[in-house]
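Participant: Right, I'll just put the structure down here and ask away after.
The values are calculated or read from the model by the stated rules, or taken from the named source; none is laboratory data. Just so it is clear, the model here is predicted, and its values are computed rather than measured. Glycine gets a Cβ as well: all are built from the backbone with ideal geometry, and neighbour counts include every protein chain shown. Keep in mind that these areas ignore ligands, DNA and RNA; they rest on the heavy atoms of the full protein, side chains included. Shrake-Rupley method; radii C 1.70, N 1.55, O 1.52, S 1.80 Å.
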Amino acid sequence: MVSENFYDVTQYPLGNPYEDIGSVINSIIADIKSRQAVRDQNDGGKPGAVIYIPPGDYRLVTQVVIDLSYLKIAGSGHGFTSSSIRFNTPADELAQWREVWPGGSRIRVDMSPDAADGEAGGAAFYVKRTGNPRISSVEFADFCIDGLHFMDDGSGQDDAENTYRNGKTGIYVGSANDSFRITGMGLIYLEHGVTVHDADALAIDNNFIAECGNCIELKGMGQASRIANNFVGAGYRGHSVYAENYGGILVSSNNVFPRGASSVYFSGVARSSITGNRFHSFYPGMLVLAANCCENLVSSNHFLRDREPWAPMQKYDNGLDDLFGLLHIDGSNNSVIANHISETIDTQYIKPLAAKPVIINVVSGSGNYIANNHIVATTEMSQINDAPNSACFSTQVGALLSTDNLKALEVTAVLVQRGSVRNTVLDSGGAEQVEMDRTVNAFRGTPVPGQ
Amino acid sequence: MVSENFYDVTQYPLGNPYEDIGSVINSIIADIKSRQAVRDQNDGGKPGAVIYIPPGDYRLVTQVVIDLSYLKIAGSGHGFTSSSIRFNTPADELAQWREVWPGGSRIRVDMSPDAADGEAGGAAFYVKRTGNPRISSVEFADFCIDGLHFMDDGSGQDDAENTYRNGKTGIYVGSANDSFRITGMGLIYLEHGVTVHDADALAIDNNFIAECGNCIELKGMGQASRIANNFVGAGYRGHSVYAENYGGILVSSNNVFPRGASSVYFSGVARSSITGNRFHSFYPGMLVLAANCCENLVSSNHFLRDREPWAPMQKYDNGLDDLFGLLHIDGSNNSVIANHISETIDTQYIKPLAAKPVIINVVSGSGNYIANNHIVATTEMSQINDAPNSACFSTQVGALLSTDNLKALEVTAVLVQRGSVRNTVLDSGGAEQVEMDRTVNAFRGTPVPGQ
Amino acid sequence: MVSENFYDVTQYPLGNPYEDIGSVINSIIADIKSRQAVRDQNDGGKPGAVIYIPPGDYRLVTQVVIDLSYLKIAGSGHGFTSSSIRFNTPADELAQWREVWPGGSRIRVDMSPDAADGEAGGAAFYVKRTGNPRISSVEFADFCIDGLHFMDDGSGQDDAENTYRNGKTGIYVGSANDSFRITGMGLIYLEHGVTVHDADALAIDNNFIAECGNCIELKGMGQASRIANNFVGAGYRGHSVYAENYGGILVSSNNVFPRGASSVYFSGVARSSITGNRFHSFYPGMLVLAANCCENLVSSNHFLRDREPWAPMQKYDNGLDDLFGLLHIDGSNNSVIANHISETIDTQYIKPLAAKPVIINVVSGSGNYIANNHIVATTEMSQINDAPNSACFSTQVGALLSTDNLKALEVTAVLVQRGSVRNTVLDSGGAEQVEMDRTVNAFRGTPVPGQ
């Protein structure tokens, strides 16, 4: 026997978790609430509970609705495996596969999205509570949410499983919240992985959120949150990490792989940090600071942009051309310091043709400080791009990338658009690689040999 | 049935964990020790045990005393919610609140501190062992320690719950130790959150330690430890992170919010790193390197100092004026590289009045290297400070912080006091913003437009 | 009763985990496979299972062989304590020790390595599967693997326990894999801690892997993986972190202590990051980028090299002399930005005698960008090196390291060997400290006072 506040979905007397784990969890939540109905007194509180999901394959037909604080839902296995590779594998090969679906503590999201409720209507887990205080300390840990299939979006393309659209969301938090944690999860084949509105001190750490339309989205407004140590990779339509109107976010030590339209997209975000991440993308616009993003720090990140190597996905992109900038900045007083930026692409794939790609594009704003960034631009090494999602998956990668094999690609390292003033660009490119009005912006070029 | 080395506090036959979990845990520890009384032989050791605290609301009357290695105490919920906001909410509003206390696996510290034993006497968990080897691998994970109330400190102020004083400590480690872990915890309303003496290879990761007088304190001497990925925020009297006489510490990727007297205070610390953190403070002295701190690295951090926006706390501060420095450095051969520093404050709040605030203040020492820091100083945006602990919690934050709305604030970007020599200041402010004796220190100003 | 996919090794009816946990786990794996024999259908998968190892002392005689996806093996205690200190403690002192072995959920590796199968043959946990898809989402968490003893290696030295050789490996992954996690583990006294071939999106986080011949080795080829927040420290023969032919790795926020031959050794690695780590070493060659490592980022790290302070280990080193470079770079287009590097050693210990130690040595390659590194070189402070593994474990450390007590050591801050071109060295040392051909490489010296 275990504590009354520890629930195992496979042991709960009501419902069948293999047929509908959503219904079982909702029953458990009702039970917790009924037992905690009396008001807190004498410093005694309403502690919440933990709902344990052992490894297993659970169907979810009914949306889970969470409206109490201190609920933890935990499994024992993030269960990620690539569904994208599998759906693009011929059936005859697939017949030999040892397993074909994600696993671990796996929830198969099989409900019909309620279109009337928008994105929330398609959420497997929907958190929302009115009144005070803000709902607090809800935790999701170490299980898998699998959206199963993408679907034909009517665009006429026949590869429905590659659309990144199915109206499903893994976790949707719809009201102001405090001190939530989403850790160790595996999210896959969802149009939206995690969407959180109005968060304070939210932690999204150590998750594997990939092959989703969008991976992590912070919406509304919020502050003082952390997105760290995740593996993330959205579809070509969406963002790997998105935030709007937040302050004080820390995006650190994430390994963000393709093919998100952006690795990070900030809209109206202020005083936040993007540090120590590894970003890999197939398109321009890897990092976008839009709508007056101010006083943010982008430092110690590794950016790599190369071309989509995988045949099934080569027909898609994010629609941006190479003049948009790998880093695109609309805002003021931001800092872009000590980053490494690699762009490698064959000239035949540059859009518009014969254009000189822009690496850092300051489209508006003033007071930005761009210093000590090392930009390496070369034509593509097609030999090393031979695997899905691959940057350089080859025992020969070192030799292939040695400068003996590389041909330099001419780029605009930094472009500061007309009208932007008081920006500072230091040691991030030679004089001929940086375009800006130097009468109103400050510049020091990276020194060149012999001077 | 489960293993004999797995204990659930709610299932243990002796004592009642809801009345006094301290007594129950001490009984369990005695049981573990009695079962492990024989000396290790034939490579077989004394493995310790895990004590599980399911979600629940447990009173602690008796101090837990830990004197054996390999003990893990783990819950299923950090349970943080703001008690500070609640205690400053009118009673009539509070009557409508859905819950009023922290939760999760929550321990209510309700013992009478033993004043004779100082800080250790007020500790809920007291770790101490004499002899060899150092006590090793004690772990605390995923539960909540709630100090419940602060108390009138005799200062004549009537808001007892805002004093950050109650003589209580969450976890106090009093003797030399090795390879401890404190992870995923929620600590709140304790005068001291975690205090560890003489640590080697200590990990304090992924915790939520806030609304405590002091949050994390490393005392005595120690080395090779890590404080990473925490949410931390001390009271106005104490430090969010404090260390003395340690070497080789790594403070990284923490989100440290107000209102600590310091975000990080190092005394006599050497060869340690403060990298990739986000710091927010309401006072000068955010980062203090005191008492000959040497060869430390401070890089890729985001610092924000603005004014306390929340009425109940506006009467408090840490007593320092704006000449003290946001970063205050006493020591040699430290590196301060690639940080973003924002200060925003209305001139009417500057102390002493009409002073020019100092951002980086090197008060003594030589050989410090201060390079590529971007300092943004502006007058306050009062519109954006409308919520407790808020930096910029508003959907309008981007627009408000755009330079159209900002008025520059004149500051001393770097001050190197007389007597300090061989310091180097590069690209961290213009010539007129950096004060130092350039005949004995090296300087290169951030370039300005048109030059 | 708990779920059928949750196994506790102490409750499983077959075998005795205290006598041979390997045999018990293999039986459990066979049971999981037999229950999952039917092919996945209707979106339903093969979820795997979790095998729980409660705290306890388990002997492993039979190698565990893992060939199914979604298996999680988890304990409740990493159990690290120093065996190295113990084996070098006199027997009469040891008789007083409170415990002498590691603990937690501890597996004592006591099998006879199968020499015919090389490193894999000596692995406690051997993961290997042929066919498609790659084996996915195997997880190891929160337990201890103890290799028990090192052994005489025939070198004639009589301290067998200090050889770092015993033919044992903790975890060996021998085939291509996806989304594995190794977290919270304690590994000790193994010739190889964790060896993983051909990984994609591997996470090695929050482990304690020390006193092993080698700690973390990524072999074959692979990509997009993360090694973060670990405590690591290999023996003098091996590497703390090693990778070959990988792309897109993120090595971040690790605290790597002595005495590895290298803290990080990359061979043919490309487009990877080493950021925000703290490295401490007793020998040159702390960081080696070998065999054409290209486009990697090394930033915001703290490097410390001093002399081995502990008598039993002073006779060993890694065989490299001080001209090798603390950072040794063979490759192109790498970035080394914003690091702090301390070297402190008495001139009598420099090899070859009277040589000028090299800090950053670019032995070949072009296009490397080395900027804003702060190098502090001094003669040794013998007073502060008084404990095993100690950098500066003393309450006087601050004062001892103050410049009043330091004597500068003359070094070559950066050496770019003949034949290397188009490298850029900025603000990382004075003109007299940087040796390179400035007609083909770019240079700007750190400014000096009075200029």
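Participant: Using 1/(1 + (r/R0)^6) with R0 = 22 angstrom and r between the beta carbons of C:Ala160 and C:Arg307, what's the FRET efficiency to the nearest 0.05?
Facilitator: Working: r = 25 Å, r/R0 = 1.12.
Plugging the Cβ-Cβ distance into 1/(1 + (r/R0)^6) gives 0.35.
Participant: Kindly identify the protein assembly as shown as rounded, prolate or oblate by the Cα gyration tensor criterion: order the square roots of the eigenvalues as a ≥ b ≥ c, call it rounded if a/c is under 1.5, otherwise compare a/b with b/c, prolate if a/b is larger, else oblate. All intermediate terms of the calculation are to be shown ahead of the outcome.
Facilitator: On the way: a/c = 1.16, a/b = 1.16, b/c = 1.00.
Since a/c stays below 1.5, the shape of the protein assembly as shown is classed as rounded.
Participant: Now for a different question. For the pair B:Lys407 and A:Ala355, what calculated FRET efficiency results from E = 1/(1 + (r/R0)^6), where r is the Cβ-Cβ distance and R0 = 45 Å, to the nearest 0.05?
Facilitator: Values: r = 39 Å, r/R0 = 0.88.
About 0.70, to the nearest 0.05.
Participant: If you stretched the chain out fully between C:Asn88 and C:Asp321, how much longer would it get, using 0.36 nm times the residue separation minus the C-alpha to C-alpha distance? Walk me through the numbers on the way to the answer.
Facilitator: Values: separation 233, 0.36 × 233 = 83.88 nm, distance 2.70 nm.
Taking C:Asn88 through C:Asp321 to full extension adds about 81.2 nm, to one decimal.
Participant: In nanometres, what is the gap between the two model label sites at A:Ser364 and A:Lys33, each 7 Å from Cα along Cα-to-Cβ?
Facilitator: The answer from the label model is 4.5 nm.
Participant: Starting from the Kirkwood Rh over alpha-carbon pairs, what translational D in µm² s⁻¹ does the range C:260-339 have by Stokes-Einstein at 4 °C and 1.567 mPa s? List each step's numbers first, then the result.
Facilitator: Numbers: Rh = 13.1 Å.
The Stokes-Einstein estimate is 99 µm²/s.
Participant: For the protein assembly as shown, with the dipole built from +1 on Lys and Arg beta-carbon atoms and -1 on Asp and Glu ones, taken about the Cα centre, which of B:Pro54, C:Gln11, A:Gly77 lies farthest toward the positive end?
Facilitator: Looking along the dipole axis, the top candidate is A:Gly77.
Participant: With the Cα gyration tensor of the range A:1-136 in hand, convert its eigenvalues to equivalent ellipsoid semi-axes via √(5λ) and list them largest first in whole Å. Write out the running numbers ahead of the final one.
Facilitator: Details: eigenvalues 227, 65, 31 Å².
Output for the range A:1-136: semi-axes of 34, 18, 12 Å.
Participant: Right, next: Place a +1 charge on the Cβ of each Lys and Arg in the range B:192-293 and a -1 charge on the Cβ of each Asp and Glu, then give the dipole magnitude about the Cα centre in debye, rounded to the nearest 20. Mind showing how you got there, number by number?
Facilitator: Details: 6 positive and 6 negative charges, 50 e Å.
Result for the range B:192-293 is approximately 240 debye, rounded to the nearest 20.
Participant: Can you tally the net charge around C:Tyr189? Count Lys and Arg as +1, Asp and Glu as -1, for every other residue whose Cβ sits under 13 Å from the Cβ of C:Tyr189.
Facilitator: Values: positive: C:Arg86, C:Arg106, C:Arg108, C:Arg165, C:Lys168; negative: B:Asp43, C:Asp110, C:Asp146, C:Glu161, C:Glu191, C:Glu211.
That works out to -1.
Participant: What is the sum of charges, Lys and Arg at +1 and Asp and Glu at -1, for the other residues whose Cβ falls under 12 Å from the Cβ of C:Pro113?
Facilitator: Details: positive: C:Arg165, C:Lys168; negative: C:Asp110, C:Asp114, C:Asp117, C:Glu119, C:Glu191.
Result for the local shell: -3.
Participant: Continuing with the same structure: Can you give the direction-averaged projected area of the convex hull of the alpha-carbon atoms in the range C:293-354, in nm²? Intermediate values should be presented prior to the final figure.
Facilitator: Working: hull surface 21.3 nm².
Quarter of the Cα hull surface area: 5.3 nm².
Participant: Moving on. Mind pulling the angle between the C-alpha long axis of helix B:17-35 and the longest principal axis of chain B? Nearest 10 degrees, somewhere in 0 to 90.
Facilitator: So the inclination is approximately 70 degrees.
Participant: Something else: Which value, in debye to the nearest 20, describes the size of the charge dipole of the range A:1-159 about its Cα centre when Lys and Arg Cβ atoms bear +1, Asp and Glu Cβ atoms bear -1, and nothing else is charged?
Facilitator: Values: 13 positive and 23 negative charges, 170 e Å.
Using Cβ point charges on Lys, Arg, Asp and Glu, the range A:1-159 gives about 820 debye.
Participant: Just to confirm my numbers, what's the Cα centroid distance between the range C:168-203 and the range C:1-34 in Å?
Facilitator: 22 Å
Participant: Additional query: How many Cβ atoms of partner chains, on average, are near each residue of B:435-445 if near means within 10 Å of its Cβ? Walk me through the numbers on the way to the answer.
Facilitator: On the way: counts 0, 1, 2, 4, 3, 2, 4, 7, 4, 6, 0.
Shielding by partners across B:435-445 averages 3.
Participant: Using the scaling law 2.2 N^0.38 Å as the reference, what is the normalised Cα Rg of the range C:73-215?
Facilitator: Values: Rg = 16.0 Å, N = 143, 2.2 N^0.38 = 14.5 Å.
So the range C:73-215 has a normalised radius of gyration of 1.10.
Participant: Still on this structure, I have one more. In what order, largest first, do B:Asp114, A:Asp67 sit by accessible area if the probe radius is 1.4 Å? Kindly include the intermediate steps, with their values, before the conclusion.
Facilitator: On the way: B:Asp114 80, A:Asp67 50 Å².
Descending accessible area places them as B:Asp114, A:Asp67.
Participant: Follow-up question, since we're still on this one. Can you give me the Cα centroid spacing of the range A:41-78 and the range C:302-321 in angstrom?
Facilitator: So the separation of the two Cα centres works out to 51 Å.
Participant: Under a Cβ-only charge scheme (Lys and Arg +1, Asp and Glu -1), can you give me the dipole magnitude of chain B about the Cα centre, in debye to the nearest 20? Provide the component values of the computation, followed by the final result.
Facilitator: Details: 32 positive and 49 negative charges, 212 e Å.
Roughly 1020 debye for chain B.
Participant: Which percent, nearest 5, of DSSP beta bridges in the protein assembly as shown are antiparallel?
Facilitator: Working: 6 of 384 bridges.
Just about 0 percent of them are antiparallel.
Participant: Direction-averaged shadow area of the convex hull around the Cα atoms of chain A, nm²? The partial results should precede the final answer.
Facilitator: Values: hull surface 101.7 nm².
About 25.4 nm², averaged over all directions.
Participant: What does the charge count near B:Gly450 come to, summing +1 for each Lys or Arg and -1 for each Asp or Glu among other residues with Cβ under 15 Å from its Cβ? Please list the in-between numbers first.
Facilitator: Details: positive: A:Arg422, A:Arg438, A:Arg444; negative: A:Asp437.
Local net charge: +2.
Participant: Mind giving me the FRET efficiency for C:Thr347 and C:Arg418? R0 is 22 Å, r the Cβ-Cβ distance, nearest 0.05 is fine. Walk me through the numbers on the way to the answer.
Facilitator: Working: r = 27 Å, r/R0 = 1.24.
Result of the calculation: an efficiency of 0.20.
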